[in-house]
Amino acid sequence: MPAPTPDTIRTLTETLSNLTNYLRENPDPAQALALVEPLVHDYTGAPVQIADTLRALVRALQDHPEAPNIRHTASLFQELLGAASELEDQHTLHYALEDIRALYPRSCTGEPGRARCR
């Protein structure tokens, strides 16, 4: 797998922005739920992924041979780790989405255009 680049990450954030704009256009609830579901999945969703990414960043920076060994650096790393923990706590969004889906009796999941109803 090729290493990510700043451009691939920008594409990801542009996709999220496009999703937000699409949701502002009042799409069908079933389609909206299907699009957001992977984003807030309790194991693989964005909050968990970003938390893991921040922890991996801290490890990479701490383990680098040229890492500065000063108190201020440790404090900044702790801030990143604290933010990672707060983000990870958002994994419960998955359960809120399940509760919302229950309010829509014919809610569908899956890819837009190929959704399956429950």
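The values are calculated or read from the model by the stated rules, or taken from the named source; none is laboratory data. Not measured: the values here are computed from a predicted model. With ideal geometry, Cβ positions are generated from the backbone for all residues, glycine too; neighbour counts draw on all protein chains shown. SASA here: full protein model, heavy atoms, side chains in, ligands and nucleic acids out. Shrake-Rupley method; radii C 1.70, N 1.55, O 1.52, S 1.80 Å.
Structure above, values below:
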item	result
THR44 - accessible surface, heavy atoms, 1.4 Å probe, Å² rounded to 10	80
Karplus 3J(HN,Hα) series, Hz, for the stretch 34-40 with 6.51 cos²θ - 1.76 cosθ + 1.60 (x for Gly, Pro)	5, 6, 7, 3, x, 5, 10
15 Å beta-carbon shell around ALA96, net charge (K/R +1, D/E -1)	-4
Candidate residues LEU19, LEU93: accessible-area rank, largest first, probe 1.4 Å	LEU93, LEU19
Computed accessible area, HIS41, all protein chains, 1.4 angstrom probe, square angstrom	60
Cα-centred dipole magnitude for the stretch 9-78, charges only on beta-carbon of K, R (+1) and D, E (-1), debye, nearest 20	320
Extension gain from ASP28 to ASP42, taking 0.36 nm per residue of separation minus the Cα-Cα distance	2.7 nm
Point-charge dipole on Cβ atoms (K/R +1, D/E -1) for the chain, about Cα centre, debye to 20	280
Inter-probe distance in nm under a simple model that places probes 7 Å from Cα toward Cβ, at LEU12 and ILE100	2.2
